[in-house]
Amino acid sequence: MTTQCYASIFLFLGGTKYMNINNFVIDRPLRGVMLHASTGEALWSVNQIENPTLKVTAETADAVDALGTPIVSFDRAKNAEFSAESSLFDLGLMAAQSGSEKVTSSATLAVNTPCFEEVTYKDASTTITLKHTPDAVGADGIPFIYFLNGDDSFGTKYAYASAAAVGKFTFTGKTLTLPTDTFKAGDKFLVIYNYNADATDGAIGVTNTAKSFPKAGKFVLEVLGADVCNPSTLYHAYIIFPQAKLLSDFDVSFTTDSKHPFSLKAMQEYCDHEKKLFSVIIPEAE
């Protein structure tokens, strides 16, 4: 008789050792890793996991009589989905959800980066040295600067010109010259521009485009736990999804206590006779 297995727990049996875990107490998930289905290369990982949930659903088709009374129910499809949250805002996870890669600026790769820089007028000096070199010259580099009121709201707007004048500022490279208006020491201005971060400046970027989507792969979740009959011995359990697809949907709040949610849909291994969705494996404690 052939037994089909969709989710199974494997027990270690060798020599005189015999594991007979039935009730497993979960301590916490340790990490999740998405591996390339062919090469085994790690595509992305997450190690700050909260609220992991595995949801399995099945579809059925009912045969009914002339009155609509069910006679028998046939199983048609089975689905599994894993969802969790990262405790921290994870750029690598966001890149995977976006179908892109996290990029780091270097000597050969520049990351175009915005800068909101506050500068202060000191005494009679109208020349300011910016932190970075704008990525373009003239009005394309810095079209306007803004006077900052005491509550940090925008005041007067000053436009770029080839030479500083009343109501006009100018800049060359990192050197910005304020307008010739009358200011007092301590007055602040906001300068908005973009610059190309390289190995010296340093920047990390993630881009989500409308035409890029996550790659499918093999997802393995490592969970720490114990046998209910022997809680002093800890085991590393593994939940394995041979073919999983990270979903593009996510909702992130930019607050201190926010979490970074993610979900994976288990896809059957279509060319596998058993059509596995996932397996739960608990090896012998080391």
Report summary line: With the charge dipole of the range 36-129 built from beta-carbon charges (+1 for Lys and Arg, -1 for Asp and Glu) about the Cα centre, the Cα from ALA124, THR39, ALA63 projecting farthest to the positive end belongs to THR39
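Among the chymotrypsin sites (Phe, Trp or Tyr not before Pro) within the range 73-164, which fall in a DSSP loop and have no more than 16 other Cβ atoms within 10 Å of their own Cβ? Don't skip to the end; give the middle numbers.
Details: sites: PHE74, PHE82, PHE89, PHE116, TYR121, PHE144, TYR146, PHE147, PHE154, TYR158, TYR160; in loops: PHE89, TYR121.
Sparse-neighbourhood loop chymotrypsin sites (Phe, Trp or Tyr not before Pro): PHE89.
By its C-alpha gyration tensor, with a ≥ b ≥ c as the square roots of the eigenvalues, how is the range 207-281 shaped: rounded for a/c under 1.5, else prolate for a/b larger than b/c, else oblate?
Details: a/c = 3.89, a/b = 1.24, b/c = 3.12.
In terms of gyration-tensor shape, oblate.
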Query raised in the report: Highest GNM mean-square fluctuation, the chain, Cα pairs closer than 10 Å: which of LYS218, LYS245, LYS184?
Result: LYS184
Requested in this report: Rounded, prolate or oblate: pick one for the range 222-264, where a ≥ b ≥ c are the square roots of the eigenvalues of its C-alpha gyration tensor, a/c under 1.5 means rounded, and failing that, prolate if a/b is larger than b/c, else oblate.
Outcome: oblate
Report task. Run the numbers on the chain and let me know its relative contact order in percent, using alpha-carbon pairs under 8 Å that are six or more apart. Result -> 26
Report task. Just report the Cα centroid separation between the range 232-283 and the range 158-225, whole Å. Result -> 37
Requested in this report: Report, to the nearest whole %, how much of the accessible area of the chain belongs to carbon and sulfur atoms, 1.4 Å probe, protein only.
Outcome: 53
Report task. For the chain, build the charge dipole from Cβ charges (+1 Lys, Arg; -1 Asp, Glu) around the Cα centre, then report which of ILE239, ALA139, PHE24 sits farthest towards its positive end. Result -> ALA139
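Using a cut-off of 11 Å between beta-carbons, work out the net charge of the residues near ASN194 (Lys and Arg +1, Asp and Glu -1, ASN194 not included).
Numbers: positive: none; negative: ASP135, ASP140.
Overall, the nearby charge balance is -2.
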Query raised in the report: Under 5 Å between amide H atoms, partner at least 5 residues away or on a different chain: which partners does GLY167 have, H built in plane at 1.01 Å?
Result: THR180, ASP181
Query raised in the report: ASP198 label point, 7 Å along Cα→Cβ, cut-off 20 Å on backbone N: hits in the range 99-122?
Result: 103-115
Report task. With springs connecting C-alpha atoms under 10 Å apart, model the chain as a Gaussian network and identify which of GLY167, GLY205, GLY99 has the largest mean-square fluctuation. Result -> GLY167
Query raised in the report: Can you give the three extents of the C-alpha atoms in the range 63-215 along their principal axes, from longest to shortest, in whole Å?
Result: 93, 41, 29
Requested in this report: Return the single residue from LEU43, LEU109, LEU247 with maximal mean-square fluctuation; model: Gaussian network over the chain, springs between Cα atoms under 10 Å.
Outcome: LEU109
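To the nearest 20 debye, what is the magnitude of the charge dipole of the range 191-268 about its Cα centre, counting +1 on the Cβ of each Lys and Arg and -1 on the Cβ of each Asp and Glu?
Details: 6 positive and 7 negative charges, 88 e Å.
That gives a dipole near 420 debye.
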**Report entry** Amide H contacts of MET267 (H built 1.01 Å from N, under 5 Å, at least 5 apart or other chain)
**Finding:** GLN243, ALA244, LYS245
Query raised in the report: Could you give the nm distance between label points at ALA136 and ASN23, where each point is 7 Å from its Cα heading toward the beta carbon?
Result: 6.8
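The values are calculated or read from the model by the stated rules, or taken from the named source; none is laboratory data. Values in this document were obtained by computation on a predicted structure and should not be read as measured data. All Cβ positions, even for glycine, are placed from backbone atoms using ideal geometry, and neighbour counts span all protein chains on display. Surface accessibility is based on the protein's heavy atoms, side chains included, excluding ligands, DNA and RNA. Shrake-Rupley method; radii C 1.70, N 1.55, O 1.52, S 1.80 Å.
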